[in-house]
Amino acid sequence: MLDLFEFIETNENEDIFVQFPNLKMNNSPAFYIILRGITGNIMLKQTFRDETFVQDQDLLNPKHKSIVSNNEIEKEDMTIEPELILGLCDLLDVLKTKCKSDLNVIPRYISDTFTLQDLSEVLSNHKLIHKNKVFFDSLNNEFCNHYYHSYKSNHTVAFLHLYRILEYVSYAFPVMYASSTGDFSKSFESLKSLFTGEKDQGELKVFKYFIKNIMSVERDFERLSIEIDIVSPLEEYNERIYKTIIGICDKTIFNESENKLNSKLSIKFSEFSTFIITVRNRFFHLKNSVDNNIQSIDIVDSDYFFSLLNSKCAYFISLITLEVIKKSLFQV
Amino acid sequence: MNVFNIAYDEVISGTCGLGQTNYGYTLENIFPLVNKLEEQRKLLDTKFYKRLERDILSGCLMPPLTIAFVNNEAKITSVEDLQSYVAENIQHGFILDGIQRLSTLKRASEKPDFNFDKEIFFNIIIAQNKDRLLYRMITLNNGQKGMTPRHQIEILTRELFDFSDLTIKIQTEKEKSVDPIKNSFSLGDIARGYTAFFTNNVNNENSKIIDEKMDEIIVGRILDNDLTAYEIEFIDIIKFVDKHSGDDYILTWFQTVNNFIGFCVGYNNSHETLNNFSSNGLKSELEKFESAFKLLNPSKINLGKFRRELAKTFIKGIAKYSSYTIEELNEEFFELTTTE
């Protein structure tokens, strides 16, 4: 089968590949390609359109859209056009992004004691690299589609692929995570907690339960909230987008005291999957029988709307993906 | 400065009062304290403060500033005590709130129309110890831009504590690169220990969470942690390390930052037991910890995290664990880490 994406090293001759040859992408296992991708260290070729592009956004460290600097500029000189300000901010974002890939960021994200050498050892373990191979291959393909459409500024489609990832991992991740605990009696408890409860709960509900009860009790996620900044050239658009999101979501998903009218929404980490699902359900349908679906006019421009959401959705999904890869493959 | 009243704050175990002076005294005696914490905040130069500067020149009365002191010796029970304490110790004060306003005042004072006799009010806080003062700073500044809790802790570790009497040496990264002292502790590591002490938590770093969010998480932990229930101060931990620093094994153990972080959280619960240990006794306990930890053989991923967690648990329960054998301790460590 012809692969839709090919992976290319931006610099084949980096010193690091002399030291650890298997870190170079060459029929590498998909979980490694995913790690390279979500940390913004990959060049891809979309073979159908024969387009080569670089994914250099570190999804685990989403940049703030600089609202503050907008205001600063406006205060200093009111004559600058809002479009120009946004353009300048975009330019600044481009200038801030790194020019060279940096693989060292991967072990740093895994743990403070993990090194590139450890990563290289995992990659030479034949048993490990075949673990859940088919699953990771499909997952990687969805991520690649997300990178590609983000690169093309097709943010609506890019969001769709993030949603597909969420659906795809919603059953697998909880199971992989639970089954890699060190003690079976404990993994039984956590699995049981996932699948009991309401009858007929769908996979996405299982996933939410997983986030809420298993991921968020450890480390810092319990207290984490993820913020969506709403920045557009016109105050009226900001207001429309803000109102739309508030209107379709249950207000318990927000960290309400942190919301800023028409400019910022703060969503609890444990509710972020609900947020993604709600947005998807309300936007990708327009049945007459449901009255709170999103009208296209509500969100001004769908690619623009999703460009505001995607980096944070990608952050959430990458974070969970990293934790699961870490737990199920590296913690041996 | 005239002081008008006095009251006791049960949370920070300190004496508080309200005072009044004029711009002239403020600029001469209180403004210099800003430089002491010059890094405390990047001075913001916004429209807001330009407006304030113009208002000062037109004779506005500023909202009260907050000045703090650390004192556990002098008895301050009356307004007169408080007034003379402030007068005598003004050069040891810390500005808890109002640095931006003071800088603005300074700028305004350079203009010709400035009135040095204009009144200004102060909140005065005299805290029993440095930890309580830092606690008040973090809770007071929370929500304001400019200074993060980690930054605050790092700066105050340097500003508040006098490490010069100690045998152990503490250097900043910068000092280390210019003139390294053998076996010195890094100030950054001490601050990480202090953060752990303050939050009662050994995990305050997470590369996957943006700094701003991580700071919120840390503030949340500090607010949830009841500092007033502590039986010890942070400086007691430093003194403990110093006391045993003659032993190379112990010194090296503490210089592994994850051990130190774990110790900072565990010590509060077992300071009485630990203070009875001789250096030899402590050394053999730490050796036992190391042997049991080695047997655990944690994965590369968990090395740092387990070390912090288990050092905390071990120190916290030292009274119990001192009777354990290496094997028993290892079994306990194994139990504690299998949920992972």
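Evaluating A:Lys212 against the criteria (1) surrounded by 18 or more Cβ atoms within 10 Å (Cβ to Cβ); (2) free of Cβ contacts under 8 Å to residues at least 12 places away in the same chain; (3) more than 14 Å from chain B (Cβ to nearest Cβ) leaves one unmet condition, (2).
If you go through the stretch B:193-202, how many residues are within 13 Å of another protein chain (Cβ to nearest Cβ) and assigned to a loop (DSSP other than H, G, I, E, B)? Working first, answer last.
As a first pass, look at the stretch B:193-202 and keep what is within 13 Å of another protein chain (Cβ to nearest Cβ): B:199, B:201-202.
From what's left, assigned to a loop (DSSP other than H, G, I, E, B): B:201-202.
So the count comes out to 2.
Which one of these is among the acidic types (Asp, Glu) and at pLDDT 75 or above: A:Glu198, A:Glu189, A:Glu218, A:Glu256? If you could, list the steps in order and put the result at the bottom.
Numbers: A:Glu198 fails: at pLDDT 75 or above; A:Glu189 fails: at pLDDT 75 or above; A:Glu218 fails: at pLDDT 75 or above.
None of the others qualify; the one that does is A:Glu256.
When residues in the stretch A:1-23 are screened for being touching a Lys or Arg at 6+ places or on another chain (Cβ under 8 Å) and within 15 Å of A:Thr115 (Cα to Cα), 1 of them pass. Against the conditions (1) within 14 Å of chain A (Cβ to nearest Cβ); (2) over 23 Å from B:Asp189 (Cβ atoms); (3) open to solvent by 40 Å² or more (accessible area, probe 1.4 Å), B:Phe333 satisfies every one except (3).
Just for the stretch A:152-175: of the residues that are farther than 17 Å from A:Leu308 by Cβ and among the hydroxyl-bearing types (Ser, Thr, Tyr), which one is modelled with the lowest pLDDT? Out of the qualifying residues, it is A:Tyr171.
Hey, can you tell me all the residues within the stretch A:284-302 that are of a type in the set (Val, Ile, Thr), more than 24 Å from the chain's Cα centre (by Cα) and assigned to a loop (DSSP other than H, G, I, E, B)? Please lay out each step first, then the result.
Initially, the stretch A:284-302 is screened for residues of a type in the set (Val, Ile, Thr), giving A:290, A:294, A:297, A:299-300.
This time we only want the ones that are more than 24 Å from the chain's Cα centre (by Cα), so: A:290, A:297.
A:Val290, the sole residue that qualifies.
Considering only residues that are in a loop (DSSP other than H, G, I, E, B) and touching a Lys or Arg at 6+ places or on another chain (Cβ under 7 Å), which ones fall in the stretch A:30-56? Steps first, answer last, please.
Within the stretch A:30-56, the first condition is being in a loop (DSSP other than H, G, I, E, B), and the residues that meet it are A:39-41, A:47-50, A:56.
If the condition is that a residue be in a loop (DSSP other than H, G, I, E, B) and touching a Lys or Arg at 6+ places or on another chain (Cβ under 7 Å), then A:Asp56 is the only one that fits.
Return the residues of the stretch B:188-221 that are modelled with pLDDT of 90 or more and hydrophobic (A, V, I, L, M, F, W, C); say none if nothing qualifies. Answer for the stretch B:188-221, where residues must be modelled with pLDDT of 90 or more and hydrophobic (A, V, I, L, M, F, W, C): B:Ile190, B:Ala191, B:Ala196, B:Phe197, B:Phe198, B:Val202. The set of residues from the stretch A:284-320 being of a type in the set (A, V, I, L, M, F, W, C), surrounded by fewer than 17 Cβ atoms within 10 Å (Cβ to Cβ) and at pLDDT 90 or above is empty.
Might you let me know whether the stretch B:265-274 holds any residue that is among the hydroxyl-bearing types (Ser, Thr, Tyr) and open to solvent by 40 Å² or more (accessible area, probe 1.4 Å)?
Yes, the conditions are met somewhere in the stretch B:265-274.
If you go through the stretch B:188-226 and keep only what is over 30 Å from A:Ile320 (Cβ atoms), surrounded by fewer than 20 Cβ atoms within 10 Å (Cβ to Cβ) and not small (Gly, Ala, Ser), you end up with B:Asp189, B:Asp226.
With the stretch B:203-290 as the region, which helices (runs of 4 or more DSSP H) entirely inside it contain at least 2 residues that are within 17 Å of the chain's Cα centre (by Cα)?
Working: elements: B:211-224, B:234-243, B:248-255, B:257-275.
It comes to B:211-224, B:234-243, B:257-275.
Evaluated against (1) open to solvent by 70 Å² or more (accessible area, probe 1.4 Å); (2) modelled with pLDDT of 90 or more; (3) of a type in the set (A, V, I, L, M), B:Leu57 falls short on exactly one condition, (1). Sub-6 Å Cβ pairs linking a first residue in the stretch B:96-117 that is within 11 Å of B:Leu57 (Cβ to Cβ) to a second residue that is of a type in the set (Ser, Thr, Tyr), at least 6 apart or interchain, are B:Thr104/B:Tyr49, ordered by first then second residue.
Does A:Ile325 satisfy being within 28 Å of A:Asn145 (Cβ to Cβ) and either touching a Phe, Trp or Tyr at 6+ places or on another chain (Cβ under 6 Å) or within 14 Å of chain B (Cβ to nearest Cβ) (or both)?
Working: within 28 Å of A:Asn145 (Cβ to Cβ): yes; either touching a Phe, Trp or Tyr at 6+ places or on another chain (Cβ under 6 Å) or within 14 Å of chain B (Cβ to nearest Cβ) (or both): yes.
So A:Ile325 passes the test.
In the stretch A:201-212, which residue that is at pLDDT 70 or above and not aliphatic (A, V, I, L, M) is farthest from the chain's Cα centre (by Cα)? Here the residue is A:Gly202. The residues listed here are A:Asn281, A:Asn259; of these, the one that is among the polar types (S, T, N, Q), open to solvent by 40 Å² or more (accessible area, probe 1.4 Å) and under 23 Å from the mean Cα position of the chain (by Cα) is A:Asn281. Note on the stretch A:12-59: residues that are of a type in the set (S, T, N, Q), buried (at least 16 other Cβ atoms within 10 Å of the Cβ) and more than 21 Å from the chain's Cα centre (by Cα) amount to 2.
The values are calculated or read from the model by the stated rules, or taken from the named source; none is laboratory data. What you see is a predicted model; the values in this text were computed from it and never measured. When we count neighbours, we look across all protein chains shown, and the Cβ atoms used for this are built from the backbone with ideal geometry, even at glycine. Only protein heavy atoms, including side chains, enter the accessible area calculation; ligands, DNA and RNA are left aside. Shrake-Rupley method; radii C 1.70, N 1.55, O 1.52, S 1.80 Å.
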